[in-house]
Amino acid sequence: MARMFGTDGVRGIANTELTNEMAYRLGQAATVFLGNTIVVGKDTRRSGDMLEAALVAGITSAGGTALTAGILPTPGVALLVRELAAAGGVVISASHNPPEYNGIKFFNSEGFKLPDALEDEIEAFVRGGGLEGVVAQAQEQGEEASMPTGAMVGSVLPVEDASELYIAHAVDSIVSQGIDFSGMTIALDTGHGASAYTSPEALERLGAEVATINTDFDGTDINVECGSTHLGPLRELMAESGASIGIAHDGDADRVMMMLPDGTEIDGDVIEAVCALDMKERGVLAGNTAVSTIMCNLGFIHAMKDHGIEVVQTKVGDRYVLEEMRASGYTIGGEQSGHMILLEHNTTGDGLMTACQFLAAVKRSGKTPSEAVAIMTRFPQTLINVRVNDKHAVEGNAVVAAAVAAAEEAMGDSGRVVLRPSGTEPVVRVMVEASDADVAQHHAETIAAVVAQEI
């Protein structure tokens, strides 16, 4: 049986894979495992209302209080959990996935995502019939147990100023640095998602002139050929508005991609490089270290090394980045996808906060965005997905290891190889970076052929 929780909560096509019954049980689990006050937020998907109703019913049926924040970016829920001293938070969102999908993800009382072990307990609870199942089992064993009734049933309290609290948090983080964005023209694509109100408002309060697209939504258009995974509309808006910088969010705005006036994309590696250098110059880069994953561009590592900044790399996934940051006391970590964690400001990826801190770094440097991102030169990268019968067999294959070693020896410090099984498909991913695109392509194809033959 497949694990219910993926890398970022429970996710699937709403009303078939992610059902109302499941949402109800997960709501009960939030109260049982986290506590009696649960912040609930959602993105703009049509199924959000349906799943919210079921989730809130579960929270209250277990005796909890649901603090409903309405449509709010995922990082806004993490913030509200702390600001309201709640026991936990739940976000109804499938992030960058298509509109028919939805998801349910949890935060603990500190605003952090849950560890695997607790997710496993919640899964067992849900599969066991939720609170009703627990009560029935106890009764079968002769114990006194019943569902909450009367005054023991929970309640629902709307958080009227949820968006305002989130906006003010981002704005204050910049104002406290003595900076504003006056003189900046920003092109913004909110992807018909949860940041449709919050990001434009925050940037305008900071003095920027903001040209927006996709701030409307009908529940079926979130992430559809727009936002951080489809930058074509932002590129067009940049040209039309004459903006000096472009910003694009995914559906729940926990990540951000940016763009220069000439249409050049600024991904998470570049954003992190600019922010890390700015933090070092301000003396707030803990451990003189930036955290990324094994899939970050080699240019990021070289750029950080050139400026005396260490880079720690983790497995792919923001949870692993965060684990390393918390374990070692680091304050900045991110992924190429634009999911960046700035622990000074929030406990999870926050697209608005990331954009604000990047813009503040650019403003403080006295450079244009184009000049600021020149800190990093991207190395050409080739990625080949090899379909195999047993993707895990690649990890112990001597012939494949020899092919990788030969490529790494040939490239030296000017290239690298990353070989890893996919987390979701019967595929081995072969990624090669080199200072020359042809060199990267050659070594990737050579290694991929060995993998296909051997595995």
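The values are calculated or read from the model by the stated rules, or taken from the named source; none is laboratory data. Bear in mind that the values here come from a model prediction, so they are computed numbers and not experimental data. So basically every Cβ, Gly included, is an ideal-geometry build from the backbone, and we count neighbours across all protein chains shown. Areas reflect the complete protein model, heavy atoms only, side chains present, ligands, DNA and RNA absent. Shrake-Rupley method; radii C 1.70, N 1.55, O 1.52, S 1.80 Å.
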Report summary line: Residues whose modelled amide H sits under 5 Å from the amide H of ALA211, counting only those 5 or more places away in sequence or on another chain, are ILE186, ALA187, LEU188
Report task. Pick out, from ILE186, MET431, LEU51, the residue whose Cα sits farthest towards the positive end of the charge dipole of the chain, with +1 on the Cβ of Lys and Arg and -1 on the Cβ of Asp and Glu. Result -> MET431
Query raised in the report: Put +1 on the Cβ of every Lys and Arg and -1 on every Asp and Glu Cβ in the chain; which of CYS356, ALA393, ALA286 then has its Cα farthest towards the positive end of the dipole?
Result: ALA286
Query raised in the report: To the nearest 10 square angstrom, how much accessible area does ARG378 have with a 1.4 angstrom probe?
Result: 100
Query raised in the report: Put a dot 7 Å past each Cα toward the Cβ at ASP413 and GLU445; how far apart are the dots in nm?
Result: 3.0
Query - Mean ellipticity per residue at 222 nm, deg cm²/dmol - from DSSP H runs of n ≥ 4 across the chain, formula -39500 (n - 2.57) - result: -12000 deg cm²/dmol
Query raised in the report: Excluding ligands and nucleic acids, what accessible area in Å² is computed for CYS275 using a 1.4 Å probe, to the nearest 10?
Result: 10
Query raised in the report: Okay, which of the range 63-103 sit inside 15 Å, backbone N to the point 7 Å along the Cα-Cβ direction of SER422?
Result: none
Requested in this report: Looking at the chain, send over the antiparallel percent of its DSSP beta bridges, to the nearest 5.
Outcome: 50
Query raised in the report: What is the magnitude of the charge dipole of the chain about its Cα centre, with +1 placed on the Cβ of each Lys and Arg, -1 on the Cβ of each Asp and Glu, and no other charges, expressed in debye to the nearest 20?
Result: 420
Query raised in the report: Ignoring ligands, DNA and RNA, how do LYS315, LYS363 rank by accessible area with a 1.4 Å probe, largest first?
Result: LYS315, LYS363
**Report entry** Length-normalised contact order of the chain in % [C-alpha pairs under 8 Å, at least 6 apart]
**Finding:** 12
Query raised in the report: So how do LYS305, LYS42, LYS280 rank on accessible area, 1.4 Å probe, biggest first, that is with the largest at the start?
Result: LYS305, LYS280, LYS42
Requested in this report: Please name whichever of THR16, ASN214, THR60 sits farthest to the positive end of the charge dipole of the chain, dipole taken about the Cα centre and charges placed at Cβ: Lys and Arg +1, Asp and Glu -1.
Outcome: THR60
Query raised in the report: With every protein chain left in place, what is the accessible area per residue of the range 191-269 in square angstrom, probe 1.4 Å?
Result: 35
Query - Qualifying GluC sites (Glu not before Pro) in the range 172-252, DSSP loop, other Cβ atoms within 10 Å at most 15 - result: GLU225
Query - Residues THR220 and THR368, FRET efficiency given R0 of 45 Å [Cβ-Cβ distance, rounded to 0.05] - result: 0.70
Report task. Starting at the first residue of the range 8-22, write each ³J(HN,Hα) from the Karplus equation 6.51 cos²θ - 1.76 cosθ + 1.60 with θ = phi - 60°, in whole Hz, x for Gly and Pro. Result -> 9, x, 9, 9, x, 5, 5, 5, 10, 8, 9, 8, 5, 4, 5
Report summary line: Between ARG205 and HIS230, Cβ-based FRET efficiency (R0 22 Å, step 0.05) works out to 0.20
Query raised in the report: What angle do you read, to the nearest 10 degrees and between 0 and 90, between the alpha-carbon axis of helix 318-328 and the longest principal axis of the chain?
Result: 80
**Report entry** Listed values [x] 23.1, 73; [y] 25.8, 82; [z] 24.5, 84, entry calculated as Rg and Dmax of the Cα atoms in Å
**Finding:** [x]
Report summary line: Simple spin-label estimate for ASP436/ALA53, 7 Å along Cα→Cβ, in nm, reads 6.4
Query raised in the report: What full-extension length gain, to one decimal in nm, is calculated for SER146 and ASN385 as 0.36 nm per residue of separation minus the Cα-Cα distance?
Result: 80.8 nm
Report task. Rank these residues by their accessible area, most exposed first, probe 1.4 Å: GLU344, GLU144. Result -> GLU144, GLU344
Query raised in the report: Hey, rough spin-label estimate for VAL135 and ALA452, points 7 angstrom out along Cα→Cβ, what's it come to in nanometres?
Result: 5.9
Report task. Determine the sum of side-chain charges near SER182: Lys and Arg each +1, Asp and Glu each -1, restricted to other residues whose C-beta is under 12 angstrom from that of SER182. Result -> -1
Query raised in the report: So how much slack lies between ARG326 and SER155, counting 0.36 nm per residue of separation and subtracting their Cα-Cα distance, in nm?
Result: 58.1 nm
